[in-house]
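Below is one structure, written out as structure tokens, with a few remarks after it.
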Amino acid sequence: DRFAARIYKLQPETSAVMKWSEDKRFTTSISLHGGSLVACYPYDNSKSGARVYAGSPDDNTFVYLASTYAKAHPTMYKGEKVCDDDRFVNGISNGAHWYSLNGGMQDWNYLKCQTMEITVEMGCDKYPLENELLQKYHDHYIPLIAHIENSRQGFWGKVTDSAGSAIDVQVTVYAPEIGMNMTTRADGQYWRIAAPGKYEVTYLADGYLSHVHHVTVGKVNWAT
């Protein structure tokens, strides 16, 4: 967590998921919940614990990911009062702006694994009836496909030395709305989800000259 110290012992299944996520370093992921109808994005908590907007260095891209999901859903994007008094503009919300939560999975994945995770509340009822599940499927399968397609929304590559071998390189991105540095995997590969726009990527490694590459990211056209 960004602010709160861990005070509880981790459960075995929690530790297993954390290790799995760190080992795999997924490009993007979704945590599926029930209880409202909204797509949320980091950060989940604020320093004061108050309900305030707590945007991450990748806020622009997270808004893009959450908006893509909400717009692909038949009703989420409307932001109507579908669950008690909940109302979300365009069907999305910054996590802490809705309510502040310490130890959230999407924040941990983003900060520790470089995984761009959002949280989707799939509907008002946490325990829908069996005869409601098919409609849930129809409502969410296209948004889920759209999010999977967004795993290709950005830029990626492999950093090697002059002989074509992988090196231990830190890849740093300097651009408006992006501030979280990337690091390559052991095989030299890296990836970065990014909203459409122009970016300047700087490659840095001890003992090597830096290299700057200009990247233009277009919009992925997802299937419907």
Practice problem: Return the pairs, sorted by first residue and then second, in which the second residue is β-branched (Val, Ile, Thr), the first residue lies in segment 191-216 and is without any contact (Cβ under 8 Å) to a residue 12 or more places away in the chain, the beta carbons are less than 8 Å apart, and the residues are 6+ apart or on different chains. | Solution: Ser210/Thr202; His211/Thr202
Self-check item: Candidate set: segment 105-129, residues that are under 26 Å from Ile193 (Cβ atoms) and open to solvent by 40 Å² or more (accessible area, probe 1.4 Å); chosen: the one farthest from the chain's Cα centre (by Cα)
Solution: Met122
Exercise. Please specify each residue of segment 130-140 satisfying the condition of being without any contact (Cβ under 8 Å) to a residue 24 or more places away in the chain and either of a type in the set (Lys, Arg) or surrounded by 15 or more Cβ atoms within 10 Å (Cβ to Cβ) (or both).
Key: Lys136
Quiz prompt | Positions within segment 193-224 being surrounded by 17 or more Cβ atoms within 10 Å (Cβ to Cβ), assigned to a loop (DSSP other than H, G, I, E, B) and at pLDDT 85 or above, in sequence order | solution = Ala194, Ala195
Quiz item: Among the residues of segment 1-26, which ones are open to solvent by 90 Å² or more (accessible area, probe 1.4 Å), hydrophobic (A, V, I, L, M, F, W, C) and modelled with pLDDT of 90 or more?
Solution: Trp20
Quiz item: Which one is surrounded by the fewest Cβ atoms within 10 Å (Cβ to Cβ), of the residues in segment 88-104 that are hydrophobic (A, V, I, L, M, F, W, C) and under 7 Å from Asp44 (Cα atoms)?
Solution: Leu101
Quiz item: If we scan segment 87-100, do we find a residue that is within 22 Å of Ala195 (Cα to Cα) and of a type in the set (Val, Ile, Thr)?
Solution: yes
Practice problem: Pick out the one residue from Ser56, Ser29 that is small (Gly, Ala, Ser), open to solvent by 20 Å² or more (accessible area, probe 1.4 Å) and either touching a residue at least 24 places away in the same chain (Cβ under 8 Å) or part of a strand (DSSP E or B) (or both). | Solution: Ser29
Quiz item: Residues in segment 34-44 that are surrounded by 22 or more Cβ atoms within 10 Å (Cβ to Cβ) and farther than 21 Å from Phe155 by Cβ: how many?
Solution: 6
Self-check item: Selection count where residues are under 14 Å from His33 (Cβ atoms) and assigned to a helix (DSSP H, G or I), scope segment 59-112
Solution: 7
Quiz item: Taking segment 80-120, which residues are in contact with a Lys or Arg (Cβ under 8 Å, 6 or more places away or on another chain) and in contact (Cβ under 8 Å) with a residue 24 or more places away in the chain?
Solution: Gly91, Ala96, His97, Trp98, Tyr99, Ser100, Gly103, Asp107, Leu111, Cys113, Gln114, Thr115
Exercise. Test Leu10 against the criterion of being within 30 Å of Asp187 (Cβ to Cβ) and either free of Cβ contacts under 8 Å to residues at least 40 places away in the same chain or not in a loop (DSSP other than H, G, I, E, B) (or both), and give yes or no.
Key: yes
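The values are calculated or read from the model by the stated rules, or taken from the named source; none is laboratory data. Here the structure is a predicted model, which is why all the values come from computation and not from measurement. Please note: Cβ atoms are built from the backbone with ideal geometry, for glycine as well, and neighbour counts cover all protein chains shown. Accessible surface is based on the protein model in full, side chains and every heavy atom, while ligands, DNA and RNA are left aside. Shrake-Rupley method; radii C 1.70, N 1.55, O 1.52, S 1.80 Å.
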